[in-house]
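Undergrad: Have a look at the structure that comes next, please.
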Amino acid sequence: MNRDQNNLNSSKFPRPTPTLRSASGPCRREGHSGQFENVESPHGFSTRIGTMNLPLSRPAGTLSPVAGGEGQGEAANCRFTGSQHQLISSATVRERGAQCLAGRIPLCIRYGRQLSFTLIELLVVIGIIALLASLIVGLTSYAGRTMRERRIRAELDKLVTAIEAYHAKFNQYPPDNFDPVTKTVNPVTNSLYYELTGVIADDRGDGRFRLANRQQWIGTQQVKLYFHTDGFVNSGNSEREIKQFAEFKAEQHKAIASSPADLEVLTVPVDWPLNNPSLPPPFDAITDPKVKRINPIRYVGHPHATNNPDGFDLWAEYVDGGRVRIICNWSKDVLER
């Protein structure tokens, strides 16, 4: 019993306070009034203001009746003295809450002091936000690049299938743009769109060609100027004499010339940027900025193909972050240059 009493008297254990409860009623301390109720808590007494509990310190003092409180139909009045913390009435709390909403004082108020962040805490929060932002930007960029490359790869696979079907019918691959004078191949300006779609030929005059769904004719001279060929293999006098190996959407082919007729090429679904002098556009010699942004599918046929000597080279290039990424039919990986 003595040992328990000594433990209770020691500084490690708070001294128990006898249970004391006063009826709620109008109380005041140093000019503040309101409804207070003293209730017992594990660490002493606390004062309740309406539905809010304000803790009181151990040396909280005593409660004493206030003169004039009896016989007025109200509960017993009390006076609280000796508290270490100033009590705040419910009206004051509501007033400060309204001021907080108005932005005049901080919302967090405890024991009359304003709580705020230190400079180190603010720097830590800013650092975390910056790190998360960089991760989000990186992941977004990676996801966008992956989606573009998957789309390009899917379109190239369809073209490979169509070209192989073309080879099976005509026993040759579509002709490429080979210049007999310079002995070079221009992979950018090729006739794949017309060879895989099929054209109707008109032998009258110098000869001319048109697509089955077009009424505009392309002259032989224009074909020879751009493609270095006199005509097309997949051609006929009527639609029944031509074979369509692939269907292309409107955004998959664009015109690189409009006079005297539209001349089109197959394109990559990513335009070529014009703000990088170190990466000139494929049609740099053409002054029209719309044509400069066209990014064509590149093709080299047999026997000029170097990566697939027995077949053809087909690839697409696009600019990503100042580097040119290459998706091709001779490698499953994405190459760079």
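Each reported figure results from applying straightforward, stated rules to the coordinates on display, with no laboratory input. Here the structure is a predicted model, which means the values were calculated and not measured. We place every Cβ from the backbone using ideal geometry, glycine too, and count neighbours over all the protein chains shown.
Undergrad: Beyond 29 Å between alpha-carbons counts as too far, so tell me which of Lys254/Lys332; Lys224/Lys292; Lys158/Lys292; Lys169/Lys292 fall in that bin.
TA: Lys169/Lys292
Undergrad: Also: Could you please state, rounded to a whole Å, how far the C-alpha centre of the stretch 220-275 is from the C-alpha centre of the stretch 305-337?
TA: When both Cα centres are located, 22 Å separates them.
Undergrad: Check which residues have an amide H placed less than 5 Å from Val324's amide H, if you skip close sequence neighbours.
TA: Arg337
Undergrad: Tell me, Asp202, Asp230 in order of fewest to most beta-carbon neighbours within 10 Å?
TA: So the ranking, lowest neighbour count to highest, is Asp230, Asp202.
Undergrad: Quick check: net charge around His304, other residues with Cβ under 14 Å of its Cβ, Lys/Arg +1 and Asp/Glu -1?
TA: Surrounding charge for His304 is -2.
Undergrad: Also, quick follow-up: What are the ³J(HN,Hα) couplings of the stretch 324-337, residue after residue, when phi is run through the Karplus curve with 6.51, -1.76, 1.60 and θ = phi - 60°? Round to Hz, x for glycine and proline.
TA: In residue order, the calculated couplings are 9, 9, 10, 10, 9, 9, 10, 8, 7, 8, 8, 8, 9, 8 Hz.
Undergrad: How many times 2.2 N^0.38 Å is the alpha carbon radius of gyration of the stretch 150-336?
TA: That works out to 1.01 for the stretch 150-336.
Undergrad: Taking the Cα centre of the stretch 150-336 as the origin and placing charges on Cβ (Lys, Arg +1; Asp, Glu -1), which of Leu159, Asn307, Gly207 is farthest toward the positive end of the dipole?
TA: After comparing all options, I get Leu159.
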